[in-house]
Number of protein chains: 2
Amino acid sequence: MPSGEDDLITRYFKPLATAPGALGLTDDAAILQAGGDDVVVTTDAIVAGVHFLPDDPPDTVARKALRVNLSDLAAKGATPAGFVLTLALREVSEAWLAPFARALGEDADQFGCPLLGGDTVSTPGPAMISVTAFGRVPRGKMVRRSTARIGDVLVVSGTIGDATLGLAILKGEGGPLDNDAARAALIERYRVPQPRIALAQAVREHASAAMDISDGLMGDLAKLCDVSGVSAIVQANSVPLSEPGRAWLARDPGAIARLVSGGDDYEILCAVPENRLAAFEAAARSAGVSVSVIGRIVAGKAAPRLVDAGSREIPLQRRSYSHF
Amino acid sequence: MPSGEDDLITRYFKPLATAPGALGLTDDAAILQAGGDDVVVTTDAIVAGVHFLPDDPPDTVARKALRVNLSDLAAKGATPAGFVLTLALREVSEAWLAPFARALGEDADQFGCPLLGGDTVSTPGPAMISVTAFGRVPRGKMVRRSTARIGDVLVVSGTIGDATLGLAILKGEGGPLDNDAARAALIERYRVPQPRIALAQAVREHASAAMDISDGLMGDLAKLCDVSGVSAIVQANSVPLSEPGRAWLARDPGAIARLVSGGDDYEILCAVPENRLAAFEAAARSAGVSVSVIGRIVAGKAAPRLVDAGSREIPLQRRSYSHF
């Protein structure tokens, strides 16, 4: 968007480019000083009508675009260092851009992840926001997916399944909850993920493997197990649920399958060696992030199993959310 | 695109993830080892119908998506280190993806810039390819736009204006050339930029300021002058033209304004102190990249002027290409 683009960048995005290496967005590139650390790079895009609803408030769209990436950094044990933004828009609407940029700036401040650069392009299609985020870890210390070990305890942060229920409500499904505040809380969880940046150090120091849960707990766990060459067992009644999530499940017990396979949790799933669990839990408490033991890594090549209190397997028709 | 996405990534993109830090694309993030250097970050997206034509061959689309970013790295004096890719597609078509991925891999090899990670999303809109590319420079050595000095000589690489003529032909404008090979050469310049990576070291060692020319020589020069607080004079008859470009201009002398303001050159524009010019030219020769002196940085706040052999200003209706 050359000429309009320059105005737009100056007005809305330059104030967000607080890092010296962003050069005030006046250059073709930014400088990221690594200072001997490894740079952790992650990229995730969200598309209107696919990853967010076209009439979602622009401030929540901005937060989601950045936070889904911050969630990846947290799961890798990385400290945020900055991000670049590609914004593909049909038109330049002040009414949309102003709250979008303001919320993006607030999140960038809150999570210590300043804007380093970007590109804005016009598209005749739906709005798309692509973020590439950078974090730092001491050399060789990025926590991987592929290094879970048999016997490790499986731990997740926060609560699981809220976002998928929130999306169901937004899509008009209704659901069993008649409490407006509970419904609003679930919708908020869909729209605005809570990246567990505060947990990054604990993950880095204690987890043997980790990833963020974006496409459903059981599906993402299957990915982690697959690349680690292991399997896992998850206790359904240990999966942490929010108050609205529990209320929904009480009225619709079959919803457990959907809670553990729905998308957009943006919680951290990690494998922690048994002898590090107490230290991990203490670090999580210090960080103010709730964590729950949900199962264990076991030997085998089978897909991870979800079991009830009687160790009976709960069948899952699908394990993760697919946009197709 | 979770499930379809995993297949697609494995088949087409995993072979491109040759860097150890890409972790075979099996993780949520990649590791970029900076080893004490600064990391240079640049991001540019291309959209079907805006930056490339919907029926452009997929191999040229892939090359363009990566090369417009490599061009930025070259202009900043950086050595390519890797890139991440966001691919937004309406559908997964093998016929399109296979040649796209193959060409992307060839370019990644050729320019030493391996795939580190990415995201693929479905969109009901036009295809969009967003690349964030990384380069390395010794600490503090990234060449900026804002550091041109009065008296510096203006130098550009390669030839100017070919791509804008190629686009005109593709859009059915015709133009004065009846030679098919010449027309094809101009179209090729539009579709497949030649990033001047070979010139990066010379730029880093000798230029006081630099940028790549993506939106038109005179418009991009205006940006460089603006942030440097200087002005410039460009000799129209020193602007390097290709053989087809010269042939076009011979039959349509008014085209000079369009050549110096059209987009998609992806050449390097740099300001070189007079006493470094000989060394810069020698380094460019060693690198096998032609460079041409086109003018000089002068004092003032006025927009850069294009002048003819008699020092008369050639008026420009616009200075750069705008997608809006």
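The residues listed here are A:Ala283, A:Ala222, A:Ala278; of these, the one that is part of a helix (DSSP H, G or I), within 14 Å of chain B (Cβ to nearest Cβ) and at pLDDT 95 or above is A:Ala222. With A:Asp265, A:Asp180 as the choices, which residue is in contact (Cβ under 8 Å) with a residue 60 or more places away in the chain and among the acidic types (Asp, Glu)? That would be A:Asp265, the only listed residue that is in contact (Cβ under 8 Å) with a residue 60 or more places away in the chain and among the acidic types (Asp, Glu). Going residue by residue through segment A:176-183, is there one that turns out to be farther than 26 Å from B:Thr42 by Cα, surrounded by 19 or more Cβ atoms within 10 Å (Cβ to Cβ), touching a helix residue (DSSP H, G or I) at 6+ places or on another chain (Cβ under 6 Å) and within 14 Å of chain B (Cβ to nearest Cβ)? No: zero hits.
Among the residues making up segment B:63-87, a single one is more than 18 Å from B:Leu32 (Cα to Cα) and of a type in the set (Ser, Thr, Tyr): B:Ser71. Only one entry of B:Val143, B:Val137, B:Val153, B:Val121 meets the criterion of being touching a residue at least 60 places away in the same chain (Cβ under 8 Å), β-branched (Val, Ile, Thr) and under 30 Å from B:Val92 (Cβ atoms), and that entry is B:Val121.
Residue-by-condition table, conditions (1) surrounded by 13 or more Cβ atoms within 10 Å (Cβ to Cβ); (2) of a type outside the set (Phe, Trp, Tyr); (3) closer than 26 Å to B:Gly151 by Cα; (4) touching a residue at least 24 places away in the same chain (Cβ under 8 Å):
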| residue | (1), (2), (3), (4) |
| --- | --- |
| B:Arg251 | no, yes, no, yes |
| B:Leu269 | yes, yes, yes, yes |
| B:Val291 | yes, yes, yes, yes |
| B:Arg296 | yes, yes, yes, yes |
| B:Glu313 | no, yes, yes, no |
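Which one is surrounded by the fewest Cβ atoms within 10 Å (Cβ to Cβ) among residues in segment B:184-206 that are small (Gly, Ala, Ser) and either out of contact with any helix residue (DSSP H, G or I) (no Cβ under 9 Å at 6 or more places or on another chain) or within 17 Å of B:Ala247 (Cβ to Cβ) (or both)? Across segment B:184-206, the extreme among qualifying residues is B:Ala184. Taking segment B:207-224 as the range and being surrounded by fewer than 24 Cβ atoms within 10 Å (Cβ to Cβ) and more than 17 Å from B:Ile160 (Cα to Cα) as the test, the residues that pass are B:Ser208, B:Lys223.
Right, A:Val41: in contact (Cβ under 8 Å) with a residue 12 or more places away in the chain, in contact with a strand residue (DSSP E or B) (Cβ under 7 Å, 6 or more places away or on another chain), at the interface with chain B (Cβ under 7 Å from one of its Cβ atoms) and buried (at least 19 other Cβ atoms within 10 Å of the Cβ) or not?
Details: in contact (Cβ under 8 Å) with a residue 12 or more places away in the chain: yes; in contact with a strand residue (DSSP E or B) (Cβ under 7 Å, 6 or more places away or on another chain): yes; at the interface with chain B (Cβ under 7 Å from one of its Cβ atoms): yes; buried (at least 19 other Cβ atoms within 10 Å of the Cβ): yes.
When the stated conditions are applied, A:Val41 passes them.
Within segment B:1-38, restricting attention to residues that are more than 28 Å from A:Asp264 (Cα to Cα), touching a residue at least 40 places away in the same chain (Cβ under 8 Å) and touching a helix residue (DSSP H, G or I) at 6+ places or on another chain (Cβ under 9 Å), which residue is nearest to the other protein chains (Cβ to nearest Cβ)? Among those residues, the one meeting the criterion is B:Asp38.
Here A:Gly158 fulfils each of the conditions (1) crowded, with 21+ Cβ neighbours inside 10 Å; (2) in contact (Cβ under 8 Å) with a residue 40 or more places away in the chain; (3) within 8 Å of another protein chain (Cβ to nearest Cβ) apart from (3). In the set (1) in contact (Cβ under 8 Å) with a residue 60 or more places away in the chain; (2) basic (Lys, Arg); (3) surrounded by fewer than 23 Cβ atoms within 10 Å (Cβ to Cβ), the condition left unmet by A:Arg102 is number (1).
Scanning segment B:160-174 for residues that are in contact with a helix residue (DSSP H, G or I) (Cβ under 6 Å, 6 or more places away or on another chain) and either small (Gly, Ala, Ser) or assigned to a loop (DSSP other than H, G, I, E, B) (or both) turns up B:Ile160, B:Gly161, B:Ala163, B:Gly166. Among all residue pairs at least 6 apart or on different chains, which show Cβ distances below 8 Å where the first residue, located in segment A:184-200, is over 17 Å from A:Val289 (Cα atoms) and outside the structural domain of A:Phe52 (by TED's automatic domain parsing) and the second is part of a loop (DSSP other than H, G, I, E, B) and of a type in the set (Ser, Thr, Tyr)? Listed pairs, sorted by first residue: A:Ala185/A:Ser242; A:Leu186/A:Ser242.
The values are calculated or read from the model by the stated rules, or taken from the named source; none is laboratory data. Quick caveat: nothing in here was measured; it's all calculated off a predicted structure. Cβ coordinates were reconstructed from backbone atoms using ideal geometry, including for glycine residues, and neighbour counts include every protein chain displayed.
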